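Readers should treat all values here as calculations from the given coordinates under stated rules, not as data from a laboratory. Source: prediction; values computed, not measured. In this analysis, Cβ positions are derived from the backbone assuming ideal geometry, glycine residues included, and neighbour counts consider all displayed protein chains.
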Amino acid sequence: MKKIFFLSTLFIAASSFAQNAVIFEENGKFGLKTDFGKELLPAEYEKITKCRTDTLDFYIADYVGSSELYSYNSKKRDIYEETAGKNFSVIKFTWNVDLKSDQFYGYTDVGRKYHFKGNTWEQMKVKGMIGCKDETGKYAVCMDGKALTDYTYNDVDARHKNLAVVLTDTGWVALDAKMKSHYNWAFDEIRDSDIHPEAFVIKREDKWGIMSLDGSMNLPPSEIKNPQGMFDFDGAAYAELERSYAVKRGGKWGVVNEKNEVNVPFKYDNAYMIDDFAIEQHDLEVHAVVQDGENWKFMGEKWKEIKSVQFDEWLGVHGNVALVKKGDKVAQLDLKTFKMTNDLYFGEYDDFQIIKTEDATSGVVAKNGDIILPFEFSWIAIEGDDDDEFFVAEKGGKDGIYSLDGKNLVPHMYEGLIFLEKKSDKNYFSVGRAGEAALAYWDTETNKMVLLTRKMYKNVSYHFGDKKFTAETFDGVYHVLDDEGRLMMDE
């Protein structure tokens, strides 16, 4: 925090007389200061969260068993408490879709809910269960101003009028309206389903499952093949759940449906589902493929074997064909005739393509089937301008750079490597994760990144309009940088 405070001071002093507020930490507690050093809130809070709205900057300041809401006016350089006289145990900040605005909600220790409207708090009628917190910081499930459970939980997430999930020391547990454990599963995460409002997708470490309030879906947390691609469209909003899944149990793979009924027994070395969209669009008979040693068996809608084909690895479905690895080349497998060819079709002008497998690894393949980059990367992107293109790839949490023929140019030494722009024969990058990002350029003689700024920004970007680099601090202050990483004055 002190690093951000120092650099923000330099920038604001040179460009504006407004004083921004900065969250600071002392002895494990948090407070609030202006970037000129005036104390706004003492360092006595467990946590302070900044909530930027269209009008003012708001801050939720949390003690162990209570929360306070403050607004800060940078022009008047002062802070104002918005909860004076109100005793809230929890304050939440959210986007209200119906009102199309940012909203604050306060909860008392028995779960009464209030809505902050301008300068006043109005009590709301609440249907169903909500979470409430006492002075010790522990949570209970509440309804209509009454605690339905003891204050023993680390958190409460009321997901439905008939379902609450409570955080115990071993994970989240689902409780129904009678405060009975709906499923005897502990999990790390719960997500809603867009199509099935009373069904929820749960995650435990790297295992995924489904539970529903009526018990019609009861897939316990399992090792499932490609869960993101099978459960959702965008990584958050879940799609159709009434389907079958490739699942691993007891070291072997099989196929089960959302009711945990076995479609294909658990006796195979690997298993993948054929994409439903590909089945519908191309009228495919195959619904799954399972590996039995060197043979891959294609299963039909009734889970009977249609065809057995030999290859080494399954990469994924692309329309009415699949890409598979056989030997040191990639082949295209027709999912109707089951014929294989190394003459891959990537489009009329594409000589290669970045391929992401159903096991979430990425590689680069030439149209003749040659593997330019092996399937061992988390992600790969092609960057640079038309005359100087290259691959940026991540492996083992570190990023590196490769030529288009697969030669490693920059070793995997960096995190958050993002290409920005080529200027004056230099390729500029943002280097580092959020909070540690810096502006840098690629030194082609040493094949290393040369940092031009300190690693302390939330992000670094390039604006093509004014042809300048900008770097954002965690306080929302933007530093304009020249090509050498030096701060520029506002124009």
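Which value at 222 nm does the chain reach when only helices count, each DSSP H run of 4 or more adding -39,500 (n - 2.57), with the total divided by all residues and rounded to the nearest 500 deg cm²/dmol?
Numbers: 3 runs with 26 residues, N = 491.
After summing the helix terms and dividing by residue count, I get -1500 deg cm²/dmol.
For the range 321-379, which GluC sites (Glu not before Pro) are both in a DSSP coil and crowded by at most 12 other Cβ atoms within 10 Å?
Details: sites: Glu348, Glu358, Glu376; in loops: Glu348, Glu358.
Passing sites in the range 321-379 are Glu348.
Pairs exceeding a 23 Å alpha-carbon distance, out of Lys336/Lys367; Lys304/Lys329; Lys127/Lys203: Lys304/Lys329; Lys127/Lys203. Here the relative contact order of the range 46-103, from alpha carbon pairs under 8 Å that lie six or more residues apart, stands at 23 percent. Gyration tensor over the Cα atoms of the range 145-277: the corresponding equivalent ellipsoid has semi-axes (square roots of 5 times the eigenvalues, largest first) of 28, 15, 13 Å. Could you list which residues have their amide H under 5 Å from that of Asp155, counting only those 5 or more apart in sequence or on another chain, with H placed in the peptide plane? Under 5 Å from the amide H of Asp155 lie the amide H atoms of Tyr139, Leu167, each far enough along the sequence or on another chain. Could you give each residue of the range 284-295 its phi-based ³J(HN,Hα) in whole Hz, using Karplus coefficients 6.51, -1.76, 1.60 with θ = phi - 60°, and x for Gly or Pro? Listing the rounded values in order: 7, 8, 7, 10, 7, 9, 10, 9, 10, x, 7, 9 Hz.
By the Cβ distance rule (another cysteine Cβ under 4.7 Å), the unpaired cysteines of the chain are Cys51. Which one is right for this structure if volume of the Cα convex hull per residue in Å³ is calculated from it: (i) 192; (ii) 168; (iii) 155? Correct label, based on the coordinates given: (i). A crude spin-label estimate for the pair Asn87 and Glu280, with each label 7 Å from Cα along the Cβ direction, gives 5.5 nm. Listed values for the range 327-344 are Karplus-derived 3J(HN,Hα) couplings in whole Hz (6.51 cos²θ - 1.76 cosθ + 1.60, θ = phi - 60°), namely x, 9, 10, 9, 10, 9, 10, 6, 7, 10, 9, 6, 8, 10, 8, 8, 7, 8, and x replaces Gly and Pro. Contact order, relative form, for the range 111-201: 16 percent (alpha carbon pairs under 8 Å, 6 or more residues apart, mean separation divided by residue count).
Taken one residue at a time, the phi angles of the range 436-442 give Karplus couplings (6.51, -1.76, 1.60, θ = phi - 60°) of 10, 7, 9, 7, 8, 10, 8 Hz. Gly and Pro are set to x. Summarising the amide proton neighbourhood of Phe24: residues at separation of 5 or more, or on other chains, whose placed amide H is nearer than 5 Å comprise Gly31, Leu32, Lys33.
Using a cutoff of 8 angstrom between alpha carbon atoms and counting only pairs six or more residues apart, the relative contact order for the chain works out to 5 percent. Between Ser424 and Asp206, what is the label-to-label distance in nm when each label sits 7 Å out along the Cα-to-Cβ direction? According to this spin-label approximation, the distance is 4.6 nm.
Rounded to the nearest 20 debye, the dipole size of the range 256-345 about its Cα centre is 220 debye, using +1 on the Cβ of Lys and Arg and -1 on the Cβ of Asp and Glu.
Greater than 24 Å separation of Cα atoms is the criterion. Which listed pairs, Lys356/Lys407; Lys297/Lys356; Lys225/Lys302; Lys76/Lys133; Lys422/Lys448, meet it? Write down the numbers at each step before the final one.
Numbers: Lys356/Lys407 20 Å; Lys297/Lys356 22 Å; Lys225/Lys302 20 Å; Lys76/Lys133 34 Å; Lys422/Lys448 16 Å.
Beyond 24 Å: Lys76/Lys133.
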